[in-house]
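A.B. asks: Have a look at this one before I ask anything.
The values are calculated or read from the model by the stated rules, or taken from the named source; none is laboratory data. Computed from a predicted structure; not experimentally measured. All Cβ positions, even for glycine, are placed from backbone atoms using ideal geometry, and neighbour counts span all protein chains on display.
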Amino acid sequence: MTMNSQLITSLNQSYASLYYYLHYPHQDSITHQAVRMLQHIDMQGDVTIGKLAELLSISHNTASEHVKRLLHNGYVVKERYSSDERKVFVRLTEKGRAALYMNTRLDESKLSDILERLSVEQREIIGEAFHLLAEEAKKCSSY
């Protein structure tokens, strides 16, 4: 096993443990696919159903069905472009933002408790490492 593959294994195990122990309790009954759509809308800004289909590698009809469920649950709204009324984009609602937050973020209270137990140097190392990893992750993405 190479040095990188050992680190990759370790990072994946650590990430899984972090999420397992620090995620918020799930309150909404929301599918993984729905969470992924909300993430794309949040990260990309207002997007069309066609763009969502492309980002998730699914058919336009499948993306449309997912968006209908998100609309029904109040997580998103559809609006027409003012410059081209034929185009419709999807935007997160406050309820959608809250659901996304609860399904993708770590519990701030638990994180705060952990960080309080660490030294200033340890907190800085963690902050810098996560920032660096997030910045490099953006460079690998096709989004």
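A.B. asks: Find the residue count for the stretch 60-72, including only residues that are free of Cβ contacts under 8 Å to residues at least 12 places away in the same chain, under 20 Å from the mean Cα position of the chain (by Cα) and closer than 15 Å to Glu94 by Cα.
C.D. replies: 1
A.B. asks: Just need a number here: residues in the stretch 87-116 that are in a strand (DSSP E or B) and surrounded by fewer than 15 Cβ atoms within 10 Å (Cβ to Cβ). Write out each step before concluding.
C.D. replies: Filtering the stretch 87-116 for residues in a strand (DSSP E or B) gives 88-92, 106.
Still in the list and also surrounded by fewer than 15 Cβ atoms within 10 Å (Cβ to Cβ): 91, 106.
Going through the stretch 87-116 one residue at a time, the tally reaches 2.
A.B. asks: Taking only pairs six or more apart or across chains, which ones have beta-carbon atoms under 9 Å, a first residue in the stretch 1-14 that is assigned by TED's automatic domain parsing to the domain that holds Leu133, and a second residue that is assigned to a loop (DSSP other than H, G, I, E, B) and modelled with pLDDT under 90?
C.D. replies: Hits for this filter: Thr9/Met1.
A.B. asks: Do you know which of the residues in the stretch 76-114 that are aromatic (Phe, Trp, Tyr) and under 19 Å from Gly50 (Cβ atoms) is farthest from the chain's Cα centre (by Cα)? Explain how you work it out, then say what you get.
C.D. replies: Restricting attention to the stretch 76-114, the residues satisfying the condition of being aromatic (Phe, Trp, Tyr) are 81, 89, 101.
Of the ones still in play, those that are also under 19 Å from Gly50 (Cβ atoms) are 81, 89.
Values: Tyr81: 25, Phe89: 19 Å.
Out of the qualifying residues, it is Tyr81.
A.B. asks: Right, another one. Of everything in the stretch 117-143, what is farther than 17 Å from Ser14 by Cα, in a helix (DSSP H, G or I) and at pLDDT below 95? Give them in sequence order.
C.D. replies: Glu135, Glu136, Lys138, Lys139, Cys140
A.B. asks: Consider only pairs whose beta carbons are under 7 Å apart and that are at least six residues apart or on different chains; among these, list those whose first residue lies in the stretch 115-143 and is without any contact (Cβ under 8 Å) to a residue 40 or more places away in the chain and not assigned by TED's automatic domain parsing to the domain that holds Met43 and whose second residue is charged (D, E, K, R) and assigned to a helix (DSSP H, G or I).
C.D. replies: Pairs that qualify, where the first residue is without any contact (Cβ under 8 Å) to a residue 40 or more places away in the chain and not assigned by TED's automatic domain parsing to the domain that holds Met43 and the partner is charged (D, E, K, R) and assigned to a helix (DSSP H, G or I), are Leu115/Arg123.
A.B. asks: Taking Ala53 and the conditions (1) of a type in the set (Gly, Ala, Ser); (2) out of contact with any helix residue (DSSP H, G or I) (no Cβ under 8 Å at 6 or more places or on another chain); (3) at pLDDT below 95, which numbered condition does it fall short on, given that it satisfies the others?
C.D. replies: Condition not satisfied by Ala53: (2).
A.B. asks: Can you say whether Ala63 is within 21 Å of Ser142 (Cβ to Cβ) and either in the same structural domain as Lys138 (by TED's automatic domain parsing) or surrounded by 14 or more Cβ atoms within 10 Å (Cβ to Cβ) (or both), as far as the supplied structure shows?
C.D. replies: Details: within 21 Å of Ser142 (Cβ to Cβ): yes; either in the same structural domain as Lys138 (by TED's automatic domain parsing) or surrounded by 14 or more Cβ atoms within 10 Å (Cβ to Cβ) (or both): yes.
Judged against the criteria, Ala63 is a match.
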